[in-house]
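Report on one structure; see the data block that follows.
Coordinate-derived values only; no laboratory data. Quick caveat, the model's predicted, so the values are computed rather than measured. So basically every Cβ, Gly included, is an ideal-geometry build from the backbone, and we count neighbours across all protein chains shown.
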Amino acid sequence: MIKLVDVHKNFAGQKVLNGINLQIRKGEITVIIGTSGVGKSVLLKHMIGLLRPDRGKVFIAGVDLGTLSSPALVEMRKKFGMLFQGAALFDSLTVFENVAFPLVEHSNLTVEKIRERVMEKLDLVGLHDVDKKMPSELSGGMKKRVGLARAIILEPEVILYDEPTTGLDPIMTDSVDNLILAMQQRLKITSVVISHDIKSTFDIADQIAMMHEGKIIEAGAPEIFRASKNPVVAKFIGT
Amino acid sequence: MERFLKIFAEPLGKRINSVIHSLGHWSLFLFESLAWLPRKPYRMGNLLRQMEFIGVKSTPIIILTGVFVGAVFALQTGKSFAMFNAETLVGATIGLSLTREIGPVFTALMVTARACSAMAAELGTMRVTEQIDALDTMAVSPIHYLVVPRMIATTLMTPLLTAIFDLIGVIGAYFVGIKLLEISEGAFLDKLYYYVDIRDFFGGLIKAAFFGFFISVISCYSGFTAKGGAEGVGRSTTRAVVASSVVVLITDYFLTTWILEYFSRPTV
Ligand SMILES: Nc1ncnc2c1ncn2[C@@H]1O[C@H](COP(=O)(O)OP(=O)(O)OP(=O)(O)O)[C@@H](O)[C@H]1O
Ligand SMILES: [Mg+2]
């Protein structure tokens, strides 16, 4: 579904991505792990064309992102949902309007249907009675969950999650993990998840990829990962 | 010589390079905004909200500044013209200057100070908190969603505000001229009607529309290119206000040349 070939990215001389090769398969959950600041968020932004590689290519369903015009890129992004690390809620809109935004833009559902869908998704992420609040009135974890509801509302083909469970309590973490799993099983959604939580990583992943010094140093099924001989990987997952 | 190159030429070259670089980026931004302009969906809600913010909410400050600019202008010209016994020309002089120059330029500067600074700050904040990226990922062009309504609203509202400024300015001048300087009302108005043509007025509004277009694109661009936290947003706001003001004054010269050629009566 998504393929990165030899992707390089520098920021003002700082090498962040240094030859990333990674394949995200359709209908699977791929979890990306790695130390803080290694470039996971940067990598995720390459998958949806928010950042362009200095060198290398990104393919979505076989199409090279670098060759798309700006309207074609907009069209392509309709297949995607994304949760940002900082939630990135529109601060001039209410929680309800934030979650409804993709529906209002890209569907022709009636107002009642939209209301129904939004309330259902807010319920799924464990939020009640917040729909009229502004994002500035929410806690960090609540913002994250509103962002999550917004990312999944269109039930797109691909969802990119940047640390969906960071800042949530253990119970909420479990329920978000279950939500991601349910989206995959029920709707065959392809997911890319960035996570710092080793337990949930092994709970949900079909494929795990570990980033280190600008490269993917190990990628594969959780069992393969557990048995990895790479000392960096072993140290990180604590085996 | 080598030292001279190191100290002066090198930084200067870098500076020129970076200015040309940003001009290039700015032009791309401008063309992209124009390319998205006619595309559907038309976001009437966004447009009306911007028109309210830029137009309606700027009206009080335009009235306030207009009345005082007209008044102080009448005071100055009244005193000076009295030296040649030409006080009756005060109305005409003010009418011409207001409609042709002061109205559009002052209004554009007030809109820059009040609305464009807010625009740059708002878009800058949206940029650094990834809200603009979020729009992108939701398959909504940020240019279409954020820039186009602001561009249209500013281009339409600046001329309207200019018309208000012109009118209020003349009223301010009227009161100072007639009530304070005791210029004869008949002569004041006669000369005003005689010398000020409707084409002067419309020429000024055309100018104002161009100003509105430029300052909105500059301010949106400034916000879109904001980098790094609150400080970056502050910097982008300052840049928007300075660049907009400078561009208003510079384009004014070229627009005036053009408008004098095509819009005004050949005799004046
Ligand atoms: N827009 C940018 N401009 C300059 N440098 C950037 C930019 N975005 C990211 N970086 C740099 O790239 C590196 C990787 O950042 P990134 O946000 O991808 O880390 P991360 O792996 O997501 O970390 P975390 O787990 O803490 O979220 C950092 O050193 C950061 O300073
Ligand atoms: Mg990150």
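For A:K79, a cut-off of 18 angstrom between C-alpha atoms picks up these aspartates and glutamates, skipping any fewer than 8 places away in its own chain: A:E28, A:D64, A:E105, A:E155, A:E157, A:D162, B:D133, B:D136. With K and R counted +1 and D and E -1, the other residues having a Cβ less than 11 Å from that of B:D166 yield a net charge of -1. Within chain B, the selection of entire DSSP H helices by a Cα span of 30 Å or greater along the long axis and an average Kyte-Doolittle value of at least 1.0 returns B:59-82, B:148-174, B:198-224. Applying both filters, DSSP loop and at most 11 other Cβ atoms within 10 Å, to the chymotrypsin sites (Phe, Trp or Tyr not before Pro) of the stretch B:31-123 gives B:F84. Residues A:E218, A:E97 in ascending order of nearby Cβ atoms (within 10 Å, fewest first): A:E97, A:E218. With the charge dipole of the protein assembly as shown set up from +1 on Lys and Arg Cβ and -1 on Asp and Glu Cβ about the Cα centre, the Cα lying farthest toward the positive end among the listed residues A:G147, B:L28, B:T162 is that of B:L28. Please say if the stretch B:12-67 is rounded, prolate or oblate, where rounded means a/c under 1.5 for a ≥ b ≥ c the square roots of the C-alpha gyration tensor eigenvalues, and otherwise the choice is prolate for a/b larger than b/c and oblate otherwise? Judged from the Cα gyration tensor, the stretch B:12-67 comes out oblate (a/c at least 1.5, b/c at or above a/b). With neighbour counts taken as other beta-carbon atoms within 10 Å, the residues B:V19, B:V140, B:V111, A:V31 rank, fewest first, as B:V19, B:V140, A:V31, B:V111. Relative to the dominant Cα principal axis of chain A, helix A:95-106 is inclined by about 80°. Report, in listed order, any pair from A:K40/A:K143; A:K45/A:K143; A:K40/A:K229; A:K40/A:K132; A:K45/A:K199 with a Cα-Cα distance greater than 31 Å. The pairs that break the limit, which is 31 Å between Cα atoms, are A:K40/A:K132. Between helix A:111-124 and chain A there is an angle of about 50 degrees, using the helix long axis and the longest principal axis of the Cα atoms. If only the Cβ of Lys and Arg carry +1 and only the Cβ of Asp and Glu carry -1, the dipole of the stretch B:130-236 around its Cα centre is close to 120 debye. Taking the Cα centre of the protein assembly as shown as reference, the dipole from Cβ charges on Lys and Arg (+1) and Asp and Glu (-1) amounts to some 940 debye.
In terms of its alpha-carbon gyration tensor, the stretch B:44-262 comes out prolate; a/c meets the 1.5 threshold, and the first ratio a/b outweighs b/c. Can you grab the distance from the C-alpha centre of the stretch A:65-120 to the C-alpha centre of the stretch A:10-47, Å, no decimals? Value for the Cα centre distance between the two parts: 23 Å.
How large is the helix-only mean residue ellipticity at 222 nm for the protein assembly as shown, computed as the sum of -39500 (n - 2.57) over DSSP H runs with n ≥ 4, divided by its residue count, in deg cm²/dmol to the nearest 500? Calculated from helices alone, the mean residue ellipticity at 222 nm is -18500 deg cm²/dmol. With neighbours defined as other Cβ atoms within 10 Å of a residue's Cβ, the residues B:M110, A:M119, A:M47 order from fewest to most as A:M119, B:M110, A:M47. To the nearest ten degrees, helix A:170-187 and the longest principal axis of the Cα atoms of chain A are 90 degrees apart.
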